[in-house]
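Trainee: Before I ask anything, here is the structure I am working with.
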Amino acid sequence: MSHIQSPYTELPDNCKSAADRMVQALAEEDKYADLNERCKKQLTELEDTLSRELKERVALVAYRV
């Protein structure tokens, strides 16, 4: 996302620039972990176990931090 636009708020240029940098930093943080097949299988097995115990579907996500 290279630019933030809002139909509700007009930001001064210095705020727009700061907001753009924050959006870019947050987007970089929101990347999935690169799991190997064994780890993906373990994650899926844990999802299945939790789903059975909770009696509802559960999805787990691995993010790189």
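The values are calculated or read from the model by the stated rules, or taken from the named source; none is laboratory data. This is a predicted model, so every value here is computed, not measured. Cβ: placed from backbone, ideal geometry, glycine included. Neighbour counts: every protein chain shown. Please note that ligands, DNA and RNA were not included when accessible areas were found on the heavy atoms of the full protein model with its side chains. Shrake-Rupley method; radii C 1.70, N 1.55, O 1.52, S 1.80 Å.
Trainee: Residues being within 17 Å of residue 64 (Cβ to Cβ) and either among the polar types (S, T, N, Q) or part of a helix (DSSP H, G or I) (or both): count how many of those fall in the range 24-41.
Mentor: So in the range 24-41, the residues within 17 Å of residue 64 (Cβ to Cβ) come out as 24-36, 39-40.
Of the ones still in play, those that are also either among the polar types (S, T, N, Q) or part of a helix (DSSP H, G or I) (or both) are 24-29, 36, 39-40.
The total comes to 9.
Trainee: Mind checking which residues of the range 26-61 are free of Cβ contacts under 8 Å to residues at least 24 places away in the same chain, among the hydrophobic types (A, V, I, L, M, F, W, C) and open to solvent by 80 Å² or more (accessible area, probe 1.4 Å)? So that I can check it myself, show each step before the final result.
Mentor: Within the range 26-61, the first condition is being free of Cβ contacts under 8 Å to residues at least 24 places away in the same chain, and the residues that meet it are 26, 28, 36-60.
Now narrow it down to the ones that are among the hydrophobic types (A, V, I, L, M, F, W, C): 26, 39, 43, 46, 50, 54, 58-60.
Matches in the range 26-61: 26, 46, 54, 59.
Trainee: Of all residues in the range 8-24 being at pLDDT 75 or above and open to solvent by less than 90 Å² (accessible area, probe 1.4 Å), which is nearest to the chain's Cα centre (by Cα)?
Mentor: Our first condition is that a residue be at pLDDT 75 or above; within the range 8-24, this holds for 17-24.
Within this subset, residues satisfying the condition of being open to solvent by less than 90 Å² (accessible area, probe 1.4 Å) are 17-20, 23.
Numbers: 17: 22, 18: 21, 19: 18, 20: 18, 23: 12 Å.
Going through the qualifying residues, I end up with 23.
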